[in-house]
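Following: one structure in structure tokens, then a few remarks.
The values are calculated or read from the model by the stated rules, or taken from the named source; none is laboratory data. As the structure is a computational prediction, the values presented were derived from the model and not from experiment. For neighbour counting, all protein chains shown are included, and Cβ atoms are generated from backbone atoms with ideal geometry for every residue, glycine included.
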Amino acid sequence: TRNGWIIECLIEGNETGIRSGGEARNVVLSANTFRNNESDLSATTCLIDWDDGYLGNFWERYEGSDENGDGIGDTPYTLLLGVNAGPSDTIDRFPLVEPLVGSEDETEGALLQISYELGDECDVLYSLRTTESMQFLLPMIAETYATIRMKQRVLSAPGNGLYVIEEAIVEDEGTLTINGFPEAYETSVGTVTIRSIHRLGIMPEPGYGTLSADIAGVAMPAQLPARRVKTGDSWSASWVVDAEALGLDEGEQRFNAVFTLVGFEEIAGQVCAIIDGRLTATLEGYSFDPNLGARTHLAGDTIMETTAYFSLPKGRIVKQLGTLATSTSAYISGMEIFSYTLEGEVSLTEVPTTEIDEQDHPTSEDIGKARKAFEQGMALLLEGDFAGAEHVLAHATDLFAKAGETELAGNALFGMGMAQMSQEKFWDAIPVFEEAARLFHSVPSPHDEAACFNSLGLCYRRLGEHERALECYYRVLDLSGEDPATQSTALLNIGVCLVG
């Protein structure tokens, strides 16, 4: 078997759970239940991933703990091999502590499954009310009341379980009062986007919780557990933002979050899980201030408490209420030179889409803009402006995708991946090439799909992931057909990997 997924299966009562008589490559298993099997694996040689990078399987023999209650074991599981098993990968790095399928009572509690699909779109309305106090030379008090309307859209869904979600701010209006003087403001910044990448298990099926998120370059762990939860259950998550992401010379900001399921409630005809959350963050860092000509010490604390309503049928948060309090101080030689505090209330409500925006219907002008952006991006790539090319080609990809031009979107994505590779941003390039390969596969265009896997192999090779690189080069060989040039390139790269 090559290039396959085995998910959400109940594998029980066998002499061995998985048997492979030949060489299996690029096979991923996750969210399965292995129970009452004499052994887990019997195979000659195989390259099987026993987790998808974030979510593994339930193994009856696993005896590890789950200290933070996220449903994933704290230690890996080593498979029990059968008598005929040869050298194989035998580690599930993220074993489940409870079965997601085949449990004795699958109606007890609830699975908080994220459920986005390619093309999904919804509006979210944020309401923000804050009071800020700042002391630097002169005191300042600012009160803000604002509403922010954001459109969420799933841009792409690569086959490895990554959703790329765009949130574009389309409206921001409110009142700002500084030292008692009110001033209304209104802005429109629809071209500004915030990109977040969510790992959600197997596409296009719903995943089990937000198993990973990368927002503005900051990696965040699970916010929803990969297990059934009942009223009163709690789970936690923690992560660290380093100095570079904070714009400091040294230091870090540590985040800790604790969540509790307090019950269920029906809202607008849909059952919602009510989740209380408490987030704390501690900042400690240093940077050189050129204006003051001195090294500044920054310290701060943040507390955010929220109540979220997670819609079980929709698979996402549809309402959230919360309070926020933060304080930050700056010191030079132990003397406080700046202080800042903020207290506020925030709410989020999903707004049902009742009408289709005219911009959702592509026109020849839209396609023309996409082609122009693509040509500009490729020109920047040839000129060596790789960062500029990456930005412009990402925009071209969005325009082509919106216009339904699948193959052209694949071309733009491929160029974007090349720009990222040229900047040695290999981890960023991998999901881009994977999505381009998926688009070319749907056209179909085997030659272009092979080029994507060839670039994926190069990324993995540069990262030292030689087994994954080999999987990609074997895929190129599968796609080469009778093209001698593609075949020779694939065989050469396979040889380099095996020797290296």
Note on the stretch 471-486: residues over 17 Å from Ser455 (Cβ atoms) and in a helix (DSSP H, G or I) are Pro484
Long-range neighbours under 8 Å by Cβ, at least six apart or interchain, first residue assigned by TED's automatic domain parsing to the domain that holds Leu413 and more than 15 Å from Met421 (Cβ to Cβ) within the stretch 377-393, second at pLDDT below 85 and of a type in the set (A, V, I, L, M, F, W, C): Val392/Ala373
Kindly list the number of the only condition in (1) part of a loop (DSSP other than H, G, I, E, B); (2) surrounded by fewer than 16 Cβ atoms within 10 Å (Cβ to Cβ); (3) at pLDDT 75 or above that fails for Gly69. (2)
Among residues of the stretch 425-468, those that are β-branched (Val, Ile, Thr) and surrounded by fewer than 22 Cβ atoms within 10 Å (Cβ to Cβ), counted: 1
Scanning the stretch 372-424 for residues that are within 25 Å of the chain's Cα centre (by Cα) and among the polar types (S, T, N, Q), the one nearest to Leu439 (Cα to Cα) turns out to be Thr406
Looking only at the stretch 81-103, filter to residues that are crowded, with 19+ Cβ neighbours inside 10 Å, at pLDDT below 85 and assigned to a loop (DSSP other than H, G, I, E, B); which one of those is farthest from the chain's Cα centre (by Cα)? Ala85
What are the residue pairs meeting all of these: first residue in the stretch 411-436, first residue modelled with pLDDT of 90 or more and of a type in the set (Ser, Thr, Tyr), second residue surrounded by fewer than 23 Cβ atoms within 10 Å (Cβ to Cβ) and part of a helix (DSSP H, G or I), Cβ atoms under 9 Å, and 6 or more apart or on different chains? Ser422/Leu381; Ser422/Phe386
Working only within the stretch 469-495, note down all residues that are exposed (fewer than 14 other Cβ atoms within 10 Å of the Cβ) and farther than 23 Å from Val27 by Cα. Glu482, Pro484, Ala485, Ser488, Leu492
With the structure loaded, tell me whether Val318 is under 30 Å from Thr282 (Cα atoms) and modelled with pLDDT of 80 or more or whether it fails that test. yes
Out of the residues in the stretch 223-270 that are part of a loop (DSSP other than H, G, I, E, B) and small (Gly, Ala, Ser), which is nearest to Thr349 (Cα to Cα)? Ala268
Condition check for Ala401: crowded, with 18+ Cβ neighbours inside 10 Å and under 28 Å from Leu479 (Cα atoms): yes
Please count how many residues of the stretch 258-293 are among the polar types (S, T, N, Q) and within 25 Å of Arg316 (Cβ to Cβ). 3
Do we find that Ala419 is in contact with a helix residue (DSSP H, G or I) (Cβ under 7 Å, 6 or more places away or on another chain) and under 17 Å from Lys372 (Cα atoms) in this structure? no
Contacts under 6 angstrom Cβ, first residue in the stretch 313-330 being in the same structural domain as Gln223 (by TED's automatic domain parsing) and under 14 Å from Ala268 (Cβ atoms), partner outside any loop (DSSP other than H, G, I, E, B) and of a type in the set (Val, Ile, Thr), 6 or more apart: Lys319/Thr349
